[in-house]
Amino acid sequence: MKFSKLYLLTFIWTWTKWKDDSKYKVKAVKENGIWKIAYLEGFDYDSLTKIYN
């Protein structure tokens, strides 16, 4: 994969609609003009998808 420019964004996300004060560190990368989440603190895809199986 070749990047002409690499954009990396780090920020804190708060879930305000869930009336929860939890905050998560997030890292996003811009690839081909589209921002994609590269890291979400505490997120475990396997445990989340296990809930719905």
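The values are calculated or read from the model by the stated rules, or taken from the named source; none is laboratory data. Being a predicted model, the structure only gives us computed values, none of them experimental. Because the Cβ atoms are built from the backbone with ideal geometry, glycine has one as well, and the counts that use them run over all protein chains shown. The area values use the complete protein model at the heavy-atom level, side chains included, leaving out ligands, DNA and RNA. Shrake-Rupley method; radii C 1.70, N 1.55, O 1.52, S 1.80 Å.
Name the single residue that is farthest from the chain's Cα centre (by Cα) among those in the stretch 35-47 being modelled with pLDDT of 85 or more and open to solvent by 100 Å² or more (accessible area, probe 1.4 Å).
It comes out as TRP35.
I want to confirm something. Restricting to the stretch 23-34 and keeping residues that are open to solvent by 90 Å² or more (accessible area, probe 1.4 Å) and more than 14 Å from THR10 (Cβ to Cβ), which single residue is modelled with the lowest pLDDT?
Out of the qualifying residues, it is ASN32.
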